[in-house]
Amino acid sequence: MGDNARLTANSLLSANGLSKSFGGIRAVNDAAIAVPQGSITGLIGPNGAGKTTLFNLLSNFISPDRGEVIFDGAPIQQLQSHQIAQQGLVRTFQVARVLSRLSVLENMLLAAQHQTGERFWNVWLHPQTVREEERRQKERAIEILETVGLAHMTHQYAGSLSGGQRKLLDSLVL
C-alpha cells in the first residue's frame, strides 16, 4: 500500500480528485487531502488559492465537478450540509458567530441537537428526563471545553473571548 493510500485509509477526513470550476476559472484542481483522526491540520495559501472553495467542497456547501470526500469511512459528497454536520463534520466561517451575551457554556448548549426539551410537552410530561439530559450535556460541554483549553472561560460571556477563542467556540459541537 502506498503512503497516500495508507494515510487516506487512516484518516478521519479525506478527499481525492476534488475539482471545481466557476465559468472558465478552475478554483480547485484535482485536490487531495487526508486529515488523520486526532490531528490539528491547517491549510495556508495566498488569497485566491482556493482555500475557501476547498472547505466549501469538503463540507458540501458547494458540489464538486468531480472527486470524492470521505468522512469517518463513508462518502459524504451526496449528503446535504446539515446531514454532514449531524455526522460531526462542521464548517466554520471566517467571522465567528457566537452569542456574545450568553456564556461560553450556554453557547455550547445551544449547539446540542435532538434535545428532549425541544418539544414543549416533554418539559411538562417528562421533566426529570429533560433535567437529566441537560446535566449530561453540561458535563459533555465542559469536557470539550477542557479539551480545547477554554474550561476556565466556561461562565464568561462569549463576547469576552479573543477572536481565536470565538472561532474555536464557534466550531465546537456537542
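The values are calculated or read from the model by the stated rules, or taken from the named source; none is laboratory data. Just so it is clear, the structure is predicted and the values come from calculations on it, not from any experiment. Don't worry about glycine lacking a Cβ; one is built from the backbone with ideal geometry, like all the others, and counts go over all protein chains shown.
Numbers below:
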read-out	value
Check on Gln128, surrounded by 15 or more Cβ atoms within 10 Å (Cβ to Cβ), outside the structural domain of Gly38 (by TED's automatic domain parsing), of a type in the set (S, T, N, Q) and part of a helix (DSSP H, G or I)	no
Hits in the range 111-125 (condition: surrounded by 12 or more Cβ atoms within 10 Å (Cβ to Cβ) and under 18 Å from the mean Cα position of the chain (by Cα))	Ala111, Ala112
Residue within the range 156-168 that is outside any loop (DSSP other than H, G, I, E, B), without any contact (Cβ under 8 Å) to a residue 40 or more places away in the chain and surrounded by 14 or more Cβ atoms within 10 Å (Cβ to Cβ) present	yes
Every pair of residues 6+ apart whose Cβ atoms lie under 8 Å, when the first sits in the range 51-77 and is closer than 12 Å to Ile33 by Cα and of a type in the set (Gly, Ala, Ser) while the second is outside any strand (DSSP E or B) and at pLDDT below 95	Gly67/Leu57; Gly67/Gln77
Residue match in the range 27-48 (condition: among the charged types (D, E, K, R), under 16 Å from the mean Cα position of the chain (by Cα) and not assigned by TED's automatic domain parsing to the domain that holds Lys167)	no
